[in-house]
Amino acid sequence: MANSMGRVTGVNGNMVTVEFDSAIAKNEVGYIHVAGERLKGEVIRIKGKEAALQVFEMTGGVAVGDRVEFTGEMLSVELGPGLLEQIYDGLQNPLPELAQQCGFFLQRGVYLKPIPDRSWAFTPTAKKGDVLAAGDTFGTVIEGLFTHQIMVPFDMVDGPWTVISIKKAGTYQVRETICTVTASDGRTKDLSMVFTWPVKQAIKLYEERLRPTETLVTKIRTIDTFLPVAKGGTYCTPGPFGAGKTVLQHLTSRNADVDIVIIAACGERAGEVVEVLKEFPELIDPRTGRSLMERTIIICNTSSMPVASREASVYTAVTIAEYYRQMGLDILLLADSTSRWAQAMREMSGRLEEIPGEEAFPAYLESRIAEFYERAGKVRLKDGKIGSVTIGGTVSPAGGNFEEPVTQATLKVVGAFHGLSRERSDARKYPAIDPLTSWSKYGGVIDAKRVEEVRAIVFASNEINQMMKVVGEEGTSIEDYITYQKGELIDAFYLQQNSFDPVDASVPVERQRYIFDQLYAMLGTQYSFEEKSDVRSFFYQVRQHFLDWNNTAFLDDEFKAIEAKIKDLIATKERRVG
Amino acid sequence: MQKIYSKIESIVGNVITVRANGIKNGELGLVSYRGGQSLANVIKLDGDVVSLQVFSGAQGISTGDQVRFLGVPMRVSYSPNLMGRVFDGTGRARDNGPVMDENLIEIGGPAVNPAKRIIPRNMIRTGLPMIDLFNTLVESQKLPIFSVSGEPYNELLARIAIQAEVDLIILGGMGLKYDDYLYFRDTLEESGAMSRTIMFIHTASDPTVECMLVPDMSLAVAERFALDGKKVLVLLTDMTNFADAMKEMAITMDQVPSNRGYPGDLYSSLAARYEKAVDFEGAGSVTILGVTTMPGDDVTHPVPDNTGYITEGQYYLKGGRIEPFGSLSRLKQQVNAHTRDDHRALMDGMIKLYASYKESLEKRSMGFMMTEWDEKLLKYGSLFERKMMDLSVNIPLEGALDLGWEILADCFEPAETGLRTDLIRSRWPKAID
């Protein structure tokens, strides 16, 4: 069947209405022809003979009567070897190649091949006569650090397919036919290393979903110990501007214990992406000894780029994540910021003249957010491998107020909440994750019972601090004052972390366990003090030692020397029993 | 041949609709009416119904008036002859100078490819210690000045326009009081800075639609000068008026308001302008300093709030001074390591002491006894405010650093400053015993 054609009948911002001639599908892609340019758009509503297209480009110059060509395809991404290290816009256009072609500016209507044309050393794993289904592997190539599985396209579910011919081990172009398969009814298909998949549809070619139980180590103490994230889980990081959302995500993207990190810079500052672009190739990943860029993909649709492709960008990112999960890898997707994505939906909803919900967000905001986060998960694949996609999203609530629709809708569906607070960032207490309001449903790297005990001290300390503001230090009992100081110590030594210090910036699990034990012992000791000033000076000294400890290499001589000092100091004030 | 349409179907607010065919989105139309002529641009197409927003407002337009479509989008002239000139929001001369209609460029052009951006690396010297020393302005940065009505933010911008070490200043005024416009013009002329300045001025009495054009006109010109190798500083005042103009337009167009009446695309619209700040590799740069007045001194108001999420820090102008607390240049770390060895240390040290001074002030106001240390801090604080924070101070960074040491030496013993010993040895202006 020939694809439908159409004519523009109206333009309102980036929404264009089109009269079409034959059947079209929702979410189908169409191109508007404007003065030699082709502008990509996606069908988001069909009413009678008119379709509403959200156009991923600026619509200046579009006129009523302009020709529209529908493709019959849904908005899709290209999947195959060569995705790693790429920098894409929200529609998977490779930005460095675009810059080579168009210079400083993002010229509209230019769409390049997402996966670079190059050859790969292919090793077949299937042979003639093998029966394959969608998602089955028929060969591999080595892509940087990984064995990239070449799979039967995920949409070929009308199989099974029998291999008629497959290329021998050797070097082939990425888009060249390397395998031909046939179905029982005689249909044949030529397969290359590349295929496409619609972004708004989750990839579900796995045996079963598993509960996310394994901690995803971020090397940030307050997260791994107190507010852990799990592989295959979800978490969100809301915070007012300037609280350090993006810095926290960048730290996570460097240190997270996963195979691949996908950064979706969605509607935020371009400058922040540039830092990643320029720094990551220089940074060495301690896990592999190779450049960090080799495990990174960046989807970058910054705030001044067209709004509609901002909406698409998070889907592009999660689809690529799911693709690599099919190879049994652990992927972390960091989306910054989901609020900008929600705002893109709001703009479109307004243009469609839908009845608005709270703060003019569309009524389907919650279900869209839930749908997105639900694409995270840990799965057992058909070949027995385990893979996971973890999603961490920042939220930029208006006025820093968490009672707004996007934050609330997100909190309903995530497994951990890392709320950043203005008070903490103003006091330069980084990471500014509020230990009092944040929560996590996942298991961390340290025994949960002991973590709870330490957390209880933080809460008690905060209450005492509030009370002290009213009754003063004089009106506080010495026991309470000790608890207050303990809470302050936990904050200064354990919750806060200096991302500029080479040692303190990333703390491996082993070290976290070790220093947590010391801290736990220190907190559990019974002390005897005469006066509050004694308490204060004792805790100041302890804090100083603990802080110095944070800057020394694990288990080297200085580290041990400081540890001995801490033990001695504690012994001086320990209450002897009997 | 351009077709003329003489049947205006509706007039709502500043938006008129006509029936016409073959019209392009964004195209300009020229409306002739009894008040003269006005440009208008196409903002919506629905079948043959074309909606245009009339730049000079729809007041006095009758249903029988004529609209002629020009087939081109809104453009602005770009040439070195713009220097020293003053225009209104639509690019008409405000200064009785010649009409500029050569070498027209489109406004609101495409975004810069993030892959072509570079990490900012050059500071912009302004001669104001509170900026240069404590929150350095960096080329390609976008920074708002958060302030409230009545504060001398326009005086501050004028000082920066005169003192900043850049090639070109572009001043975009939105909803300016006429007096403020005259103040800018006269001050820049007297100081001789006018010859390197281009102004796009919308005053409070001008039509609202023109207000919305000012940032795009200013930034389109700035971008072209930057591509030609110029270091351009764009000063925008006041972006809250720009946002309010957008709000007015959105309500006229029956858009659903999102927050306090502002349209849902407030963030994207502000970002599209601020993100024009860029450092072109191998050419010049655009830096943006904008004023955002906070209604009711409320930073959570949608305009300052959305601005804060977009910009790279902010300056708080309060009580006629740039506040050291809350003000932040996110990019200062990129440059202040390479200025002078004592820059970072002095920056942190002096602010910490100033914070202690504020605590002493509080103690004093609550009637506590002042210790010797408190007295030192009080002396330090008043010197700091007079010599560093006053907006009329104009000294280069190195002078400001030396002055910082002098103030410290005037008030404290070396050890009391908390500064590194090696810096004190090399920089302390008095003999150390």
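Rule-based calculations on the coordinates, nothing more; no lab input. Not measured: the values here are computed from a predicted model. Quick reminder, even Gly has a Cβ in these numbers, built from the backbone with ideal geometry, and neighbours come from all protein chains shown.
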(request) Please list the non-local residues whose amide H lies under 5 Å from the amide H of A:ALA264, H modeled 1.01 Å from N, same-chain partners needing a gap of 5 or more. (result) A:ILE299, A:LEU334, A:ALA335, A:ASP336
(request) Using amide H atoms built 1.01 Å from N in the peptide plane, name the residues 5+ places from A:ALA63, or on other chains, whose amide H lies under 5 Å from its own. (result) B:ASN25
(request) Report the charge-dipole magnitude of the protein assembly as shown in Debye, nearest 20, computed about the Cα centre from +1 at each Lys and Arg Cβ and -1 at each Asp and Glu Cβ. (result) 1820 debye
(message) Can you tally the net charge around A:ARG108? Count Lys and Arg as +1, Asp and Glu as -1, for every other residue whose Cβ sits under 11 Å from the Cβ of A:ARG108.
(response) 0
(message) Eigenvalues of the Cα gyration tensor times 5, then square-rooted: what semi-axes does that give for chain A, in whole angstrom, largest first?
(response) 50, 29, 19
(request) Let me know the mean shielding of B:102-114 by other chains, meaning the per-residue number of their Cβ atoms within 10 Å of its Cβ. (result) 6
(request) Extending each Cα 7 Å along its Cβ direction at B:SER392 and B:SER426, get the distance between those two points in nm, one decimal. (result) 3.6 nm
(message) Please rank A:ASP257, A:ASP158, fewest neighbouring Cβ atoms within 10 Å first, as an exposure proxy.
(response) A:ASP158, A:ASP257
(request) Find out how many positive minus negative residues lie around A:GLY487, taking Lys and Arg as positive, Asp and Glu as negative, among other residues whose Cβ is under 11 Å from that of A:GLY487. (result) -2
(message) From Cα pairs below 8 angstrom and at least 6 apart in sequence, can you work out the relative contact order of the stretch A:448-573, rounded to a whole percent?
(response) 25 percent
(message) Once you order the gyration tensor axes a ≥ b ≥ c over the Cα atoms, which shape class does the protein assembly as shown get: rounded for a/c under 1.5, otherwise prolate or oblate by comparing a/b with b/c?
(response) oblate
(request) Starting from 0 in steps of 5 Å, tell me what percent of the Cα-Cα pairs of the stretch B:77-334 lands in each bin. (result) 1, 6, 14, 19, 21, 18, 12, 6, 2, 0
(message) Compute and list, largest first, the equivalent-ellipsoid semi-axes of the stretch B:343-427 from the alpha carbon gyration tensor, each √(5λ) rounded to a whole angstrom.
(response) 23, 16, 10
(request) Rounded to whole Å and sorted largest first, list the principal axis extents of the Cα atoms in chain B. (result) 88, 48, 42
(request) Calculate the mean, over all residues of peptide B:260-268, of how many other protein chain Cβ atoms lie within 10 angstrom of the residue's Cβ. (result) 6
(message) Quick check on the stretch A:208-440: of the DSSP beta bridges with both residues there, what percent are antiparallel, nearest 5%?
(response) 35 percent
(message) Taking the number of other C-beta atoms within 10 Å as the exposure measure, put B:MET253, B:MET194, B:MET83 in order starting with the fewest.
(response) B:MET83, B:MET253, B:MET194
(request) Quote the relative contact order of the stretch B:217-279 in percent (integer), defining contacts as alpha-carbon pairs under 8 Å separated by 6+ residues. (result) 24 percent
(message) Quick one: 3J(HN,Hα) in Hz for the stretch A:479-487, Karplus 6.51/-1.76/1.60 with θ = phi - 60°, rounded, Gly and Pro as x.
(response) 5, 4, 5, 5, 4, 4, 5, 4, x
(request) Show the residues, 5+ positions off or on another chain, whose built amide H is closer than 5 Å to the amide H of B:PHE200. (result) B:PHE87, B:LEU171, B:GLY172, B:GLY173
(message) Could you derive backbone 3J(HN,Hα) for the stretch A:241-255 from the dihedral phi with the Karplus parameters 6.51, -1.76 and 1.60 (θ = phi - 60°), listing whole Hz in sequence and x where the residue is Gly or Pro?
(response) 5, x, 7, x, 4, 5, 4, 4, 5, 5, 4, 4, 5, 6, 9
(request) Any chance you could give the angle, 0 to 90 degrees and rounded to 10, that helix A:270-279 forms with the longest Cα principal axis of chain A? (result) 80 degrees
(message) Pairs of alpha-carbon atoms within less than 8 angstrom and 6+ residues apart define the contacts here; what relative contact order does chain A have, in percent?
(response) 13 percent
(message) Using a Förster radius of 51 Å, what is the FRET efficiency between A:SER165 and B:GLU281 based on their Cβ-Cβ separation? Nearest 0.05, please.
(response) 0.55
(request) Per residue of the stretch A:79-89, in order, report the coupling 6.51 cos²θ - 1.76 cosθ + 1.60 (Karplus, θ = phi - 60°) as ³J(HN,Hα) in whole Hz, putting x for Gly and Pro. (result) 10, x, x, x, 6, 4, 6, 7, 10, 10, 8
(request) Grab the other residues whose beta carbon is less than 14 angstrom from that of B:VAL209, score K and R as +1, D and E as -1, and report the net. (result) -4
(message) Can you give me the C-alpha center-to-center distance between the stretch A:244-286 and the stretch A:399-436, rounded to a whole angstrom?
(response) 20 Å
(message) With 17 Å as the cut-off, how large is the P(r) tail for the stretch A:448-573, expressed as percent of Cα-Cα pairs?
(response) 58 percent
(message) Nearest 10 degrees is fine. How inclined is helix B:153-163 to the longest principal axis of chain B, computing both from alpha carbons?
(response) 80 degrees
(request) Order by neighbour count: B:THR237, A:THR125, A:THR237, A:THR296, fewest other Cβ atoms within 10 Å first, most last. (result) A:THR125, A:THR296, B:THR237, A:THR237
(request) For the stretch A:292-353, count the residues as N, evaluate 2.2 N^0.38 Å, and divide the Cα radius of gyration by that value, please. (result) 1.30
(request) Compute the long axis of helix A:532-550 from its Cα atoms, compare it with the longest principal axis of the Cα atoms of chain A, and write down the angle in degrees, 0 to 90, nearest 10. (result) 40 degrees
(message) Please compute, over every Cα-Cα pair in the stretch A:311-418, the percentage with a separation greater than 25 angstrom.
(response) 26 percent
